[in-house]
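Taken together, the values in this text are just the output of simple stated rules run on the coordinates, not laboratory data. Small disclaimer: the values here were computed from a predicted structure and weren't measured. Cβ: placed from backbone, ideal geometry, glycine included. Neighbour counts: every protein chain shown.
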Amino acid sequence: MGISFHITSVREGTIFNVMQFLALEKVTGTLSIKFGRNIPDVTMYFVTGTLTTAEFGSILRDKVIDILLCQEFAVKEISFAPERIAQINEAAMIKGARSLSGIVLNASKDVDECQARSLIYGMMPMKDIKGRTPESLLHVLYDFKDYEKDFAKAPVDPKDKKAPLKECVLLSRALRHNLIAYQTPLVSLKGIRPLINMLNPMSEKEETNLRGYLRSLLPHQRATHLSIERFYAFASAIESIAQRRGQEVGDQARKAIQELVQQTKASESANA
C-alpha cells in the first residue's frame, strides 16, 4: 500500500522535515501542500525518494521551494498519497541530478537574500488597476501569467528590490507603482516606533511581551508592515501600558495612534 499521511498542524521546518522523510523512505507519490482559503495546492512528485517535479500554477521547479520557504507560515495542511502518475509535467521537472538537501539549502539562501520579501504577504487580499480582486497574493503568484504583462509596464528604477524569482521582482515593482495593491491599508513598522518609544522606560517584562506580541502579528518575520486590523490589536496593548503610566501618557498615546491611523488611511486613499 505504501506510506500515506495527512498533517494539519504545520510548524516551522515541518515541510522540509517531511520532504527529507520521503527521500529517506524512497517513496513514490504526490506530496500536496495546502495554504487554505481556496488557494490551489502546491504539488510535488517523488519517484523512489527523488523530488522529480514541483509546481504551483505558474511557479515551477526550484522556484516552488523558494515560495514554500518564504510563505511557510501560511501553510495549513500537508498530505502524501503513494501513487504513480501516468504522465509527468516536463515543464515542472527539477533539472539535473541534485540532492534534496542541496535544493533546500539553495532556496534558504535565496529567501535570506531576497529584498522583495519585506512586502510579500501571501495571504492578504489584493486589488489591481484592472479592477481584479485576487483573494491573496498567493493567488497572483499561482496565476502569474495573467498578471505578468501588466506588471512589466512598471518602469525599472533604482528602488527596485532584488529577488531570486523574477515574479517577486515584478510584483514588488508593481506594488510600488500601484499597479496592484493590498486591499487592506498597511501600517509601517517605522510609524509604530515612536509609539513604542513613548512607553520608555519599560520593564524587561513589558518590553519582552510587547515585542513578542508585535512579532506574532506580522505576516512574517521579515515584514516591514502589518495590516491596519492587526495594528488596532497592537495599539490596544500600547494604550494599556501607556494608561498605567498615567492619564497624560495615556492621552498622548491615544492621540498618536489616531494620527497614525489617519495618516495610513489618507495615504491609502491617495494611492487608490
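For the chain, relative contact order (Cα pairs under 8 Å, six or more residues apart, normalised by length) works out to 15 percent.
Taking all Cα-Cα distances within region 146-203, those exceeding 12 Å account for 72%.
Going Cα to Cα from residue 127, which lysines come in below 26 Å? Please leave out same-chain ones fewer than 8 positions away. Of all the lysines, those that pass the test against residue 127 - Cα under 26 Å, at least 8 places apart if same chain - are 34, 63, 76, 145, 149, 153, 159, 161, 162, 166, 190, 265. Between 101, 155, 208, the Cα set farthest toward the positive side of the dipole of region 101-209 (charges on each charged residue's Cβ, about the Cα centre) is that of 155.
Can you tell me what percent of all Cα-Cα pairs in region 79-152 are more than 14 Å apart? Don't skip to the end; give the middle numbers.
Values: 2077 of 2701 pairs.
Every Cα pair in region 79-152 considered, those over 14 Å come to 77 percent.
Inter-label distance, residue 203 to residue 77: 4.4 nm, where each label sits 7 Å from its Cα along the C-beta direction. For every other residue with a beta carbon closer than 15 angstrom to the beta carbon of residue 161, add +1 if it is Lys or Arg and -1 if Asp or Glu, then tell me the sum. Charge balance in the 15 Å sphere: 0. Our note on the geometry: Cα centres of region 108-137 and region 11-75, 19 Å apart. Note on residue 86 and residue 159: with the Förster distance fixed at 51 Å, the Cβ-Cβ geometry gives a FRET efficiency of about 0.60. Both radii come from the Cα set of region 1-101: Rg as radius of gyration, Rh as Kirkwood radius; their ratio Rg/Rh reads 0.92.
Shape summary of region 161-248, radius of gyration then Dmax from alpha carbon positions: 16.1, 52 Å.
Between residue 268 and residue 251, the modelled label-to-label distance comes to 2.9 nm, taking each label 7 Å out from Cα in the direction of the beta carbon.
Our estimate of slack between residue 184 and residue 166, defined as 0.36 nm per intervening residue step minus the Cα-Cα distance, is 4.0 nm. Take the Cα of residue 127, step 7 Å toward its Cβ, do the same at residue 52, and the gap between the two points is 4.5 nm. The translational diffusion coefficient of the chain, from Stokes-Einstein at 4 °C and 1.567 mPa s with a Kirkwood hydrodynamic radius over alpha carbon pairs, comes to 63 µm²/s.
Tell me the angle of helix 228-245 to the major Cα principal axis of the chain, expressed in degrees between 0 and 90 and rounded to the nearest ten. For helix 228-245, the angle is close to 40 degrees. Using a Gaussian network model of the chain in which every pair of alpha carbons under 10 angstrom is joined by a spring, one finds that among 170, 60, 199 the greatest mean-square fluctuation is at 199.
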